[in-house]
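Each remark here refers to the structure printed beneath this line.
The values are calculated or read from the model by the stated rules, or taken from the named source; none is laboratory data. Bear in mind the structure is a predicted one, so any value in this text is a computation, not a measurement. Neighbour counts are summed over all protein chains in view; Cβ atoms, including those assigned to glycine, are modelled from backbone coordinates with ideal geometry. Ligands, DNA and RNA are excluded from the accessible area calculation, which covers all protein heavy atoms including side chains. Shrake-Rupley method; radii C 1.70, N 1.55, O 1.52, S 1.80 Å.
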Amino acid sequence: MKTNLKMKLQVVDRVGMMADVAKVLAACDLNIVSMEVEKKGGESDGESDVYLETERGAQSPGSEEIFDKLRTLPNLLAARSIGTMPQERREKRFQVVLDSISDGILAIDEGGEVAIINRVAKKILDFGDRQVTGCNIDDLELADRRILVCLEGRTYTNAKRNIIGAKGRFQFLATGKVIADSQGRIVGAIEVMKDMKEIRALASAVAHSPQVSFSDMVGQSPAIGEAIEFAQKIAPTEGIVSIRGESGTGKELFASAIHAESARNGPFVPINCAALPEALLESELFGYVGGAFSGAKKEGKPGLFEIAQDGTVFLDEIGEMPLSLQAKMLRVIQEQKVRRVGGSQEVPVNARIIT
């Protein structure tokens, strides 16, 4: 099977030079697939490097014979075969750069065909090793094709997406932008996808408080899928949440994921109500003032509700909480205030409760 012949010609610029080259190539039964010209000299009487990719025909002679015929042309200074066109090198470098980015990149042309896609976008959209460049976005069976609205001049920023594919659940924020030419004509669109798992990991690293998200949960049963879907719906709300399940079923993981999906900027503070004696549980939850009891710090101590300001308190094994303390918890829920042990003043708190 004959392969395409790629060549580099060094020529002196003159009118009709490329027409003469095209005649020689046509006589050798070669079809020009692509051409690039790099000018080396000034506006006139300069030199240029001409890169050609040609397709061999049935009557094409050998490479040496083709180059011998080209060298007979006046003003052709040198001719040789090459392995890679400049555009190919640029595309390879460009793709390596794109694949090194942690965000997903998807670009389409004005007709909706995929022009650019990087490794991360393929992973997020569950394309695997499929060759999707050149495919129309409507033919790819995507759950969300919002990028097409950019071809109408509209944009979007940090639109939340949730995709369940063969390799798991992906949550990401998508930003769509218009691609326009120098005259302002829309010639395509680009979507940047930021994996929410990486965003949370970065935020957790900065806050020194690792968080579990729904993307970290592994499970394929309908029950776990429904539980995750329901938890995602209630996560952005301010409602109190009660999670039930046997020991080891992942109740704290769900609580942490609900907090991570909420709009709360405060910390996630878990406490096991069954692990603390009744005498200590109240002071841990509500704090105490200095000298409230023997062994108390002189300056007092804030409780977990104060520590979790603008965050979430997770009360594990709340059924083990004494009834007398449950009555005080009811007041916290109703009034959004706590009173430290031994204190007389009420402290406003803003912490969501998950039990």
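Calculate what fraction, in whole %, of the accessible area of the chain sits on carbon and sulfur atoms when a 1.4 Å probe is rolled over the protein chains.
Using a 1.4 Å probe with all protein chains present, the chain comes out at 52 percent carbon and sulfur.
Report the label-to-label distance for GLN59 and VAL37 in nanometres (one decimal), using points 7 Å from each Cα along the Cα→Cβ vector.
2.8 nm
Which residue fluctuates the most in the chain, going by a Gaussian network model with Cα springs under 10 Å, if the choices are GLN183, GLN87, GLN334?
GLN183
Going 7 Å from the Cα of ALA274 in the Cα-to-Cβ direction, what parts of the range 296-328 have a backbone nitrogen less than 19 Å from that spot?
Output list for this probe position: 314-326.
Defining a contact as two alpha carbons under 8 Å apart and six or more residues distant in sequence, what relative contact order in percent does the chain show?
Once divided by the residue count of the chain, the mean separation gives 10 percent.
Using a 7 Å offset from the Cα along the Cα-to-Cβ direction at both GLU238 and ALA26, what is the distance between the two label points in nm, to one decimal?
7.8 nm
What accessible area per residue comes out for the chain, rounded to a whole number of Å², with a 1.4 Å probe?
Solvent-accessible surface per residue comes out at 57 Å².
Can you give the extra length, in nm with one decimal, that the chain gains between THR155 and GLU47 once fully stretched, where that is 0.36 nm per residue apart less the Cα-Cα distance?
Working it through step by step, the gained length comes to 34.4 nm.
For the chain, divide the Cα radius of gyration by the Kirkwood radius and give the resulting Rg/Rh value with two decimals.
Answer for the chain: 1.26.
Looking only at the range 240-257, which residues have a backbone nitrogen under 17 Å from a spot 7 Å from the Cα of GLU320 in the C-beta direction?
Under cut-off, by backbone N: 243-253.
Report, to the nearest 10°, how far helix 251-261 tilts away from the longest principal axis of the Cα atoms in the chain, using its own Cα long axis and a range of 0 to 90°.
60 degrees
Past the 27 Å Cα-Cα mark, which pairs from LYS8/LYS122; LYS6/LYS69; LYS6/LYS122; LYS197/LYS233?
Cα-Cα > 27 Å for LYS8/LYS122; LYS6/LYS122; rest within.
Using every pair of alpha-carbon atoms in the range 229-355, split the distances into 10 Å bins beginning at 0 and state the percent of pairs per bin, rounded to integers.
For the range 229-355, the pair-distance distribution reads 13, 43, 33, 10, 1.
Which of these, LEU151, LEU280, LEU253, has the largest mean-square fluctuation under a Gaussian network model of the chain (Cα springs below 10 Å)?
Maximum fluctuation in the GNM of the chain, among the listed residues, is at LEU280.
Treating the angle as unsigned and between 0 and 90°, give the value, to the nearest 10°, between the Cα long axis of helix 17-27 and the longest Cα principal axis of the chain.
80 degrees
Across the chain, where is the longest run that never hits GluC sites (Glu not before Pro) in a DSSP loop with at most 12 other C-beta atoms within 10 Å?
The answer is 44-140.
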